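The values are calculated or read from the model by the stated rules, or taken from the named source; none is laboratory data. Since this is a predicted model, take the numbers as computed values, not measurements. Glycine also receives a Cβ, built like all others from the backbone with ideal geometry; neighbour counts cover every protein chain displayed. All accessible areas refer to the heavy atoms of the entire protein, side chains included, with ligands and DNA or RNA removed. Shrake-Rupley method; radii C 1.70, N 1.55, O 1.52, S 1.80 Å.
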Amino acid sequence: MSTTAEAVLDTSTEISRVFALQQAHQWDVKASTAEQRKAKLAKLKDAVLAHADAIVAAVQKDTRKPEGEIRITEVLNIVGNIQLAIDNLDSWMKPTEVTPSKNPNDKALIAYEARGVCLVLGPWNFPLGLTLGPVAAAVAAGNCCMVKLTDLCPNTAQIAGVIIREVFDEREVALFEGDVSVATELLELPFSHIFFTGSTRVGKIVMQAAAKHLASVTLELGGKSPVIIDDGADIEKIAADLAGAKQFNGGQACICPDYVFVREDQKQRLVDGFKANVTANLYEGGELKKERIAQIVNGGNFARVKGLFDDAVAQGATVAAGGVLEADDLTVHPTMLTDVTPQMKILQEEIFAPVLPVMTYENLDQVIEYIEARDKPLALYIYSNDEANVDKILARTSSGGVTVNGVFSHYLENGLPFGGVNQSGMGSYHGYFGFKAFSHERAIYRHQ
């Protein structure tokens, strides 16, 4: 037997062994108290903080992300979410009492119980933050959990393994490293719940696998998130917001603005403001300081982005800002394209890079009709001082979440559910909603 075949067999055997352990142990974990769960979460928080420097080094090696971004998304965000669960777990776990409709002397309640053995599949764009966040929610809800990070970030997966093995018994939480074959092997198992963050294409594969065992799913996907700039909106602020959003993680965020609608008479001001902010943020002496922006994750994704860019230019798009793509180190300079049209691939596929197409419009109904005719996006951004126009857009469109006069805020507010709708996802999490995602609402009726 070849070494590769032996390794695959060993991994398969190990996955089955750990899954069997977690299946047997899930009932003890389900019965754990709030104090016991909070103790595990506190230990996880302490481990993330203790390994913060190693996390930064690993993520930088995998992605060339700026250190400040890593400390926010891969350390502080995780710690904040864990602390939120610790602070609120007693109230989250408390059953909800319901007054019986037929006999008020009876008792009825909704109890939040663990789903069982869960699978968490993490993405590459925020490899630790978008993996340990769901893991913390699963632990808070009293589940066992098997975890797989993307093979595109092997250094981050290694430090995640160190943290998880320090904090948890493998009967409760276990991490597996390796390529897509490991994820495929995991998806063959009858998990109670699967939490996946990634592309819509792979989300369909995950949902098919879950269907074989009737597992519930949370799918955090993506899509083309539009920005609508209403007449009279603050163009200078919007230009700064968009430049910052496209700089963040090199535009590789599922809620990143993917295209913009602006009136023709505001377009040039938007372009000029975008260029000025990108220059101030990222350049010195006319040279891009590459340590300030993440690279595209790998050669395949760089080629995909370049293909979208080249197709748009070939069909008449104007490079209004940026336009430099460096294959040798997978760098895409923040770019704005104007004169784009719907038949261009860049308006049909999620970009996931610091490239922003801009379209113009004459009236708001045109914008709404365009969005209505396409898949429901993960995020929708509206810049307007007209409440009636904001309400009209909200009434006639659908998206996972919305931020008005800003970007990302609906994601950053942990008091709100974060998730997609239809093509952009299924289910939601963050804070209490993460606890609910990994919980079954059990109806209990007691006759007196």
Scanning region 60-73 for residues that are without any contact (Cβ under 8 Å) to a residue 60 or more places away in the chain and of a type outside the set (A, V, I, L, M, F, W, C), the one least open to solvent (accessible area, probe 1.4 Å) turns out to be Gly68
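Residue by residue, here is whether (1) out of contact with any Asp or Glu (no Cβ under 7 Å at 6 or more places or on another chain); (2) surrounded by fewer than 16 Cβ atoms within 10 Å (Cβ to Cβ); (3) of a type outside the set (S, T, N, Q); (4) in a loop (DSSP other than H, G, I, E, B) holds:
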residue	(1), (2), (3), (4)
Ala280	yes, yes, yes, no
Glu291	yes, yes, yes, no
Ala294	yes, no, yes, yes
Val297	yes, no, yes, yes
Asn301	yes, no, no, no
Val305	yes, no, yes, no
Leu308	no, no, yes, no
Cross-chain or 6+ apart pairs with Cβ under 8 Å, region 350-370 first and farther than 28 Å from Asn298 by Cβ, then of a type in the set (D, E, K, R) and part of a strand (DSSP E or B)
Thr360/Arg263; Tyr361/Arg263; Glu362/Arg263
What's the number of the condition Asp87 fails, among (1) assigned to a helix (DSSP H, G or I); (2) in contact (Cβ under 8 Å) with a residue 12 or more places away in the chain; (3) farther than 23 Å from Gln247 by Cα?
(2)
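Check region 255-273 and report whether any residue there is open to solvent by 50 Å² or more (accessible area, probe 1.4 Å) and under 30 Å from Arg71 (Cβ atoms). Give the steps one after another, and end with the answer.
If we filter region 255-273 for residues that are open to solvent by 50 Å² or more (accessible area, probe 1.4 Å), which is where we start, we get 263-265, 268-269, 272.
Still in the list and also under 30 Å from Arg71 (Cβ atoms): none.
Among the residues of region 255-273, not one is open to solvent by 50 Å² or more (accessible area, probe 1.4 Å) and under 30 Å from Arg71 (Cβ atoms), which makes the answer no.
Among Leu84, Leu49, Leu76, Leu132, which is within 23 Å of Tyr411 (Cα to Cα) and open to solvent by less than 10 Å² (accessible area, probe 1.4 Å)? Walk me through how you get there before you give the answer.
On the way: Leu84 fails: open to solvent by less than 10 Å² (accessible area, probe 1.4 Å); Leu49 fails: open to solvent by less than 10 Å² (accessible area, probe 1.4 Å); Leu76 fails: open to solvent by less than 10 Å² (accessible area, probe 1.4 Å).
Criteria check complete, one pass: Leu132.
Residues of region 325-336 being in contact (Cβ under 8 Å) with a residue 12 or more places away in the chain and either open to solvent by 40 Å² or more (accessible area, probe 1.4 Å) or outside any loop (DSSP other than H, G, I, E, B) (or both), which ones? Explain how you work it out, then say what you get.
Of the residues in region 325-336, the ones in contact (Cβ under 8 Å) with a residue 12 or more places away in the chain are 325, 327, 329-336.
If the condition is that a residue be in contact (Cβ under 8 Å) with a residue 12 or more places away in the chain and either open to solvent by 40 Å² or more (accessible area, probe 1.4 Å) or outside any loop (DSSP other than H, G, I, E, B) (or both), then Leu325, Ala327, Asp329, Thr331, Val332, Thr335, Met336 are the ones that fit.
Which residues, counting only those in region 90-113, are part of a helix (DSSP H, G or I) and hydrophobic (A, V, I, L, M, F, W, C)? Steps first, please.
First, pick out the residues of region 90-113 that are part of a helix (DSSP H, G or I): 90-93.
Hits for region 90-113 are Trp92, Met93.
Need at least 2 residues that are among the aliphatic types (A, V, I, L, M) and buried (at least 18 other Cβ atoms within 10 Å of the Cβ) per element, so show me which strands (runs of 3 or more DSSP E) inside region 337-448 make the cut, counting only ones lying wholly within it.
Working: elements: 355-361, 379-383, 401-404, 439-446.
So the answer is 355-361, 379-383.
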Could you run through region 271-317 and say how many residues are without any contact (Cβ under 8 Å) to a residue 40 or more places away in the chain and of a type in the set (A, V, I, L, M, F, W, C)?
6
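Output the residues belonging to region 171-194 that are under 17 Å from Pro123 (Cβ atoms), in contact with a Gly (Cβ under 9 Å, 6 or more places away or on another chain) and open to solvent by less than 30 Å² (accessible area, probe 1.4 Å).
Narrowing region 171-194 to residues under 17 Å from Pro123 (Cβ atoms): 175-180, 182-184, 186-187, 194.
Of the ones still in play, those that are also in contact with a Gly (Cβ under 9 Å, 6 or more places away or on another chain) are 175-177.
Of everything in region 171-194, those that are under 17 Å from Pro123 (Cβ atoms), in contact with a Gly (Cβ under 9 Å, 6 or more places away or on another chain) and open to solvent by less than 30 Å² (accessible area, probe 1.4 Å) turn out to be Leu175, Phe176.
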If I filter region 156-170 for residues that are more than 17 Å from Val117 (Cα to Cα), under 21 Å from the mean Cα position of the chain (by Cα) and open to solvent by 60 Å² or more (accessible area, probe 1.4 Å), do I get at least one hit?
yes
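When you look at Asp90, is it open to solvent by 10 Å² or more (accessible area, probe 1.4 Å), at pLDDT below 95 and in contact with a helix residue (DSSP H, G or I) (Cβ under 7 Å, 6 or more places away or on another chain), yes or no?
Working: open to solvent by 10 Å² or more (accessible area, probe 1.4 Å): yes; at pLDDT below 95: no; in contact with a helix residue (DSSP H, G or I) (Cβ under 7 Å, 6 or more places away or on another chain): yes.
Spelling it out, it is not the case that Asp90 is open to solvent by 10 Å² or more (accessible area, probe 1.4 Å), at pLDDT below 95 and in contact with a helix residue (DSSP H, G or I) (Cβ under 7 Å, 6 or more places away or on another chain).
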What residue, among those in region 187-196 that are within 21 Å of the chain's Cα centre (by Cα) and not β-branched (Val, Ile, Thr), is farthest from Phe19 (Cα to Cα)?
Phe196
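How many of the residues making up region 199-234 are under 18 Å from the mean Cα position of the chain (by Cα) and on the phi > 0 side of the Ramachandran plot? Before the answer, list the steps.
Of the residues in region 199-234, the ones under 18 Å from the mean Cα position of the chain (by Cα) are 199-207, 217-226.
Applying the additional criterion that residues be on the phi > 0 side of the Ramachandran plot yields 223.
Of the residues in that region, 1 qualify.
Restricting attention to region 39-80, which residues are of a type in the set (D, E, K, R) and either under 19 Å from the mean Cα position of the chain (by Cα) or within 20 Å of Pro123 (Cβ to Cβ) (or both)?
Within region 39-80, the subset of a type in the set (D, E, K, R) is 40, 43, 45-46, 53, 61-62, 64-65, 67, 69, 71, 74.
Answer for region 39-80, where residues must be of a type in the set (D, E, K, R) and either under 19 Å from the mean Cα position of the chain (by Cα) or within 20 Å of Pro123 (Cβ to Cβ) (or both): Lys61, Asp62, Arg64, Lys65, Glu69, Arg71, Glu74.
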